[in-house]
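Below is one structure; the comments refer to it alone.
The values are calculated or read from the model by the stated rules, or taken from the named source; none is laboratory data. From a predicted model like this one, the values you see are computed outputs, not experimental measurements. Note that we place each Cβ from the backbone using ideal geometry, even for glycine, and neighbour counts take in every protein chain shown. Heavy atoms of the whole protein, side chains included, go into the accessibility calculation; ligands, DNA and RNA do not. Shrake-Rupley method; radii C 1.70, N 1.55, O 1.52, S 1.80 Å.
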Amino acid sequence: MLVQVASQYESEIHFESDGRMVNAKSIMGMMTLGLDTGEKVIVTAQGADEQEAVQNIEAYLSKTN
């Protein structure tokens, strides 16, 4: 579901956890992070809709915890 949320935006979006950074729009990349509920991640975005993307991904993550 998180990949679908990230894919709605034009910006490049990355997730970082434990020193590893992956493309948030890549299901395989996201699977390699192996994130667990409650784990901390850094979300970065670069592009025309970067601010909206980060805000909405943060909101999505906050409500699914």
When residues of the range 33-52 are limited to those that are under 14 Å from L2 (Cα atoms) and free of Cβ contacts under 8 Å to residues at least 24 places away in the same chain, the one most open to solvent (accessible area, probe 1.4 Å): D36
Residue that is nearest to the chain's Cα centre (by Cα) [pool: residues in the range 53-65 that are open to solvent by 60 Å² or more (accessible area, probe 1.4 Å) and within 19 Å of S11 (Cβ to Cβ)]: E58
Keeping to the range 9-65, report how many residues are small (G, A, S), part of a helix (DSSP H, G or I) and touching a helix residue (DSSP H, G or I) at 6+ places or on another chain (Cβ under 9 Å). 2
I want to confirm something. Restricting to the range 5-32 and keeping residues that are out of contact with any Leu (no Cβ under 7 Å at 6 or more places or on another chain) and charged (D, E, K, R), which single residue is most open to solvent (accessible area, probe 1.4 Å)? E10
What pairs can you find where one residue is in the range 5-31 and over 13 Å from Q51 (Cα atoms), the other is among the aromatic types (F, W, Y) and not in a strand (DSSP E or B), and their Cβ atoms are less than 6 Å apart, with a gap of 6+ or different chains? V5/Y60
